[in-house]
Amino acid sequence: MSASSDQAVGVGADEPIGRFRFMDAQRVNLDGFATENGDLGLIAFDGPADPAPSLVIQDGVIVELDGRRIEQFDLIDAFIASHGIDQQVAPEAMALGETEYARMLVDPAIPREIVVRLAAGMTPAKLARCLALLRPAELVIAMTKCRARRTPSNQAHVTNRSDDPLLLAADAATAAAFGFREIETTVPVLGDAPSNAIAVSIGAAVGSPGVLVQCSVEEALELEMGMRGLVSYAETVSLYGTEQIFIDGDDTPWSKAFLTSAYASRGIKMRVTSGGGAEALMGGAERCSMFYLEARCVALARAVGAQGVQNGGIDSASVAGSVPGGVRSMMAENLMVMLRNLEACTGNDALMSESEVRRTSRTHPIFIAGTDFICSGFGSIQRYDNMFGPSQWNAEDIDDYLCMQRDWGIDGGLRTADATSVAQLRKRAVAAVRDVYSILGLGDFSEEWQAQAVDAAGSKDVPAADLMLPLSASRVIRDSGLTMLDVVRALDEAGYESEADRLLAMLRARVSGDYLHTAAIFTEDMQVLSLITDPNDYTGPGTGYYPTAQRQQQIDQIRQARSVTDFADEQLKFAQVCGSALHEDGPADRSDDPRDVVIGVSPATARAIWRTLCGLTVDEALDELIAGLTEEGCTARIVRFHNTVDLGLIGLQAARMAGSGIGIGLQAKGTALIHRRDLTPLANLELYSVAPSLDRMAYRQLGLNAGRHAKGATPEPQRNPYSDEAIEARYHTTVVALVAIERQYCDANRPPVTLRLARP
């Protein structure tokens with residue numbers, strides 16, 4: 001094509017055609033996508049330096065591990081060889097074919113305990129090769145079988161830009177009301193951490209008994225808060241798959257094992273954090289694939305004695321997601337945790353993509369399978385308030401997530417919270433923090449600040465917050481040696497006995513240690529659900545976890561759901577406020593007037609339905625139809641037909657009754673058409689089928705066109721107004737309800753009646 005031809009079609013020399021300019025503007029193209037590069041570790045599986053699986057044991061000592069002899073072991077190899085391989089199982093497990101083991105994972109007839117036992121004897125490279133064989137649907141099946149705890153759950157992030165104690169408490173109570181069983185907070189200012197921990201703990205206790213709380217900060221401070229009882233679990237103890245990255249972090253597997261023991265010795269539940277892509281992000285992947293390096297991390301997690309792992313990309317999820325197969329590798333690394341018999345907190349926290357389709361795609365298979373914690377940080381607060389960075393799921397998405405649970409009939413760990421109840425919880429949480437901080441000398445809050453925190457959707461709605469108060473409160477907490485027992489006493493003194501009892505029960509639970517078992521959470525009656533007390537027993541259809549009837553009801557009853565009765569009540573309330581000028585005026589007869597056009601309306605019009613789907617009243621729609629007919633010199637008659645709800649038949653009957661042979665059909669919900677007496681029921685002249693998109697001018701034009709048909713003139717055909725919204729999804733349930741109401745008023749034996757608009 002010549003240059004002049006290019007210009008003729010509007011394409012510049014250096015720019016793509018319009019279709020691709022449009023595609024380039026879509027949100028998915030804000031994401032970064034990397035060309036696969038094994039040398040940089042930007043490869044999901046089969047990196048150039050990934051070793052072949054091998055294991056040699058001599059006199060009870062592992063002398064070769066995945067291609068390295070003992071004298072070549074780095075610190076990760078050495079720790080795994082000493083503490084991470086079950087030597088009793090290893091010969092059997094390592095001799096097993098990789099495809100054979102992969103098939104065992106997806107075979108419902110082979111119980112979880114068998115595949116877990118075998119995984120304990122596998123080296124990181126062996127287990128990685130087996131799991132790399134699983135396709136996405138097979139990962140879902142394997143995960144359904146292999147998670148530790150039978151009952152799925154979810155974890156929330158509760159943070160804000162201001163470290164506002166009142167807002168933290170209100171949001172923690174809200175998260176507990178929505179069903180989150182763990183709440184993780186962090187700080188934009190490190191010194192605020194003790195205040196945040198106390199505020200979130202109080203708010204969680206207001207919302208529900210048994211909610212575990214973490215404040216994610218530097219490890220020494222986090223451990224200090226745990227020992228004081230200000231938090232009840234920890235998970236930000238990071239592991240890495242290469243020696244250099246460990247050293248860069250001033251850590252070793254031995255220091256991590258010591259820290260793990262320190263938490264456990266004080267009754268604090270603890271899991272470690274890793275995730276595919278971390279080593280590539282930090283420039284130390286050593287030419288290995290993300291999946292193999294994560295296999296080393298998970299083997300280490302088992303070896304250091306952690307009860308669980310938070311993985312699935314985590315902060316490096318966007319790195320893993322940038323390469324081919326990366327999202328699959330993140331799910332496979334979650335499964336790897338389960339096979340090491342650890343609690344799986346399956347990522348879905350750091351925002352992987354700006355594309356809503358991609359981020360749903362990343363989460364959905366895990367959501368379907370069910371895990372110990374589907375999200376290791378669902379941002380129950382707004383994106384801008386998440387000090388971990390925006391989550392994969394945020395407050396903006398809670399309703400979507402609840403609807404997904406309902407759509408699939410599965411337990412994703414959340415429930416619908418009633419707006420009135422949440423308002424009361426937020427008010428109580430704010431008051432409890434106010435009173436505790438006052439009693440303990442931590443700070444005072446203005447009435448304006450309190451009111452804003454109760455109502456706020458996020459920290460931008462709390463301009464009255466004092467940003468210095470959390471820091472001064474935290475200094476007092478640390479300097480005075482304040483513990484959770486002091487908080488309990490203050491709550492009791494201030495009259496919050498139930499919250500004091502709930503926090504005291506958490507401290508008692510630390511003494512018993514039952515919630516240190518793998519995958520432990522508390523129910524709302526403080527029963528521990530874990531690998532020990534609630535083991536996953538899935539062996540195919542009809543087995544494993546099914547929600548109880550009560551829990552299923554929670555899943556099914558989202559706040560947006562409406563019954564036919566609800567729609568009927570809404571219409572009645574509307575009529576009581578707005579009324580109608582439509583009145584019956586006797587039997588309807590045929591006319592011989594050639595300018596007579598009948599507007600046929602459906603059975604429930606102005607009897608049970610007064611407002612159309614577009615928001616106009618039935619009276620207003622009729623006003624416009626009549627005005628259009630009048631403008632064309634026609635006479636309008638309104639007739640209600642009782643024998644059918646079918647719009648085509650209503651319009652046809654109206655046309656046969658009209659002297660002009662032209663009729664308009666109008667359903668109470670607003671759908672309308674023009675009909676002629678000699679046509680079949682479905683062969684109308686014009687149809688407005690998308691009632692929610694109509695307005696006064698549309699009905700006026702329909703009246704004008706009906707008048708022109710009556711006179712034999714040429715009408716201006718109208719098109720249904722275009723909308724790119726999901727009209728069906730938004731309105732079809734309403735349509736079903738309104739049609740059901742119409743049918744209740746349908747009476748085949750009742751003749752049509754004339755209606756008149758009797759304006760005052």
Residue within the stretch 660-681 that is closer than 24 Å to Leu755 by Cα and part of a helix (DSSP H, G or I) present: no
Any hit, the stretch 618-625, residues being crowded, with 19+ Cβ neighbours inside 10 Å, within 19 Å of Tyr745 (Cβ to Cβ), under 39 Å from the mean Cα position of the chain (by Cα) and at pLDDT 95 or above: yes
Single residue of Ala710, Ala706, Ala737, Ala654 found to be under 35 Å from the mean Cα position of the chain (by Cα) and either over 22 Å from Leu613 (Cα atoms) or in contact (Cβ under 8 Å) with a residue 24 or more places away in the chain (or both): Ala737
Residue satisfying condition, being more than 14 Å from the chain's Cα centre (by Cα), in the same structural domain as Ala549 (by TED's automatic domain parsing) and surrounded by fewer than 21 Cβ atoms within 10 Å (Cβ to Cβ), within set Gly325, Gly389: Gly389
Any chance Ala142 is crowded, with 24+ Cβ neighbours inside 10 Å and either in contact with a Lys or Arg (Cβ under 6 Å, 6 or more places away or on another chain) or without any contact (Cβ under 8 Å) to a residue 24 or more places away in the chain (or both): no
Check on Ser512, assigned by TED's automatic domain parsing to the domain that holds Ala197 and modelled with pLDDT of 95 or more: no
Candidates Gln424, Gln405 - the one that is surrounded by fewer than 19 Cβ atoms within 10 Å (Cβ to Cβ) and either outside the structural domain of Gln553 (by TED's automatic domain parsing) or of a type in the set (S, T, N, Q) (or both): Gln424
Test result for Ala500, hydrophobic (A, V, I, L, M, F, W, C), within 33 Å of the chain's Cα centre (by Cα) and either at pLDDT 95 or above or under 29 Å from Ala264 (Cβ atoms) (or both): yes
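Just name the residue that is nearest to Gly121 (Cα to Cα) out of those in the stretch 30-48 that are among the aliphatic types (A, V, I, L, M) and outside any strand (DSSP E or B).
Ala44
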Counted residues, the stretch 461-507 - those being touching a Pro at 6+ places or on another chain (Cβ under 6 Å) and among the hydrophobic types (A, V, I, L, M, F, W, C): 1
Evaluation of Ser353 against (1) surrounded by fewer than 24 Cβ atoms within 10 Å (Cβ to Cβ); (2) outside the structural domain of Thr523 (by TED's automatic domain parsing); (3) without any contact (Cβ under 8 Å) to a residue 40 or more places away in the chain (one fails), failing number: (3)
Meets criteria (within 21 Å of Val528 (Cβ to Cβ) and hydroxyl-bearing (Ser, Thr, Tyr)) for Thr371: yes
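One line per residue, one yes/no per condition, for (1) surrounded by fewer than 15 Cβ atoms within 10 Å (Cβ to Cβ); (2) closer than 21 Å to Ala500 by Cβ; (3) in contact with a strand residue (DSSP E or B) (Cβ under 7 Å, 6 or more places away or on another chain):
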| position | (1), (2), (3) |
| --- | --- |
| Arg434 | no, yes, no |
| Gly441 | yes, yes, no |
| Ser446 | yes, no, no |
| Ala451 | no, no, no |
| Pro463 | yes, no, no |
| Arg478 | no, no, no |
| Gly481 | yes, yes, no |
| Met484 | no, yes, no |
Selection within the stretch 287-298 - over 26 Å from Gly267 (Cβ atoms) and either among the charged types (D, E, K, R) or assigned to a helix (DSSP H, G or I) (or both): Arg287, Met290, Phe291, Tyr292, Leu293, Glu294, Ala295, Arg296
Subset of the stretch 418-477 [hydroxyl-bearing (Ser, Thr, Tyr) and either within 19 Å of Val200 (Cβ to Cβ) or part of a helix (DSSP H, G or I) (or both)]: Thr420, Ser421, Tyr437, Ser438, Ser459, Ser472, Ser474
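The values are calculated or read from the model by the stated rules, or taken from the named source; none is laboratory data. Remember, it's a predicted structure, so these values are computed and weren't measured experimentally. All Cβ positions, even for glycine, are placed from backbone atoms using ideal geometry, and neighbour counts span all protein chains on display.
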